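The values are calculated or read from the model by the stated rules, or taken from the named source; none is laboratory data. All values reported here derive from a predicted model rather than from experimental measurement. Note that we place each Cβ from the backbone using ideal geometry, even for glycine, and neighbour counts take in every protein chain shown. Surface accessibility is based on the protein's heavy atoms, side chains included, excluding ligands, DNA and RNA. Shrake-Rupley method; radii C 1.70, N 1.55, O 1.52, S 1.80 Å.
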Amino acid sequence: LRRGSVYLNALKAEGWPVDVFSFHAYPEEGATPSRYTWMVREVKAALRGLGAPTKPLWCTEVNYNLKCGPIPEQTVPAFLRSTTARSETAGVSRVYWYAYPGHSDPNLLGIPFTPTSVGTSVLRSL
């Protein structure tokens with residue numbers, strides 16, 4: 001949020017000409033969805049601290065273990081469901097998972113979003 005504060009202060013100076021607030025969440029290596037919850041709380045606290053108006057909050061990029069290898073396949077459905085549930089509880093009205101299929105580095109993202117990594121039924125349920 002330190003980097004975003006310049007941008008948010010500029011929006012504030014212009015009278016908050018926004019329809020929605022968005023953020024990206026990439027919890028640190030080895031972190032679980034509980035770290036995502038902490039990140040959402042930090043974003044909301046920063047917006048409150050600046051006196052931002054109440055607007056929808058979207059997470060426009062999320063994934064885990066960025067550049068540190070894949071999440072074990074048996075853990076993936078729990079991460080997806082937990083992040084979705086935590087978003088709903090925290091008032092994040094949209095969540096967009098960052099997935100870059102076909103990238104040459106298989107360790108780029110923890111959850112690569114292929115039918116073999118997350119399962120077709122999980123993809124349909126999101």
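Worth pointing out:
- Filtered residue count, the range 32-75, keeping only those that are of a type in the set (Val, Ile, Thr) and either under 13 Å from GLY110 (Cβ atoms) or open to solvent by 40 Å² or more (accessible area, probe 1.4 Å) (or both): 6
- Conditions (1) within 21 Å of TYR96 (Cα to Cα); (2) out of contact with any Pro (no Cβ under 9 Å at 6 or more places or on another chain); (3) part of a helix (DSSP H, G or I); (4) open to solvent by less than 40 Å² (accessible area, probe 1.4 Å): number failed by LEU8: (1)
- Some residue of the range 28-38 being aliphatic (A, V, I, L, M), part of a loop (DSSP other than H, G, I, E, B) and in contact (Cβ under 8 Å) with a residue 40 or more places away in the chain: no
- From the options LEU80, LEU109, LEU66, residue that is at pLDDT below 95 and outside any loop (DSSP other than H, G, I, E, B): LEU80
- Subset of the range 21-31 [of a type outside the set (D, E, K, R) and either in contact with a helix residue (DSSP H, G or I) (Cβ under 7 Å, 6 or more places away or on another chain) or open to solvent by 40 Å² or more (accessible area, probe 1.4 Å) (or both)]: PHE21, SER22, PHE23, HIS24, ALA25, TYR26, PRO27, GLY30
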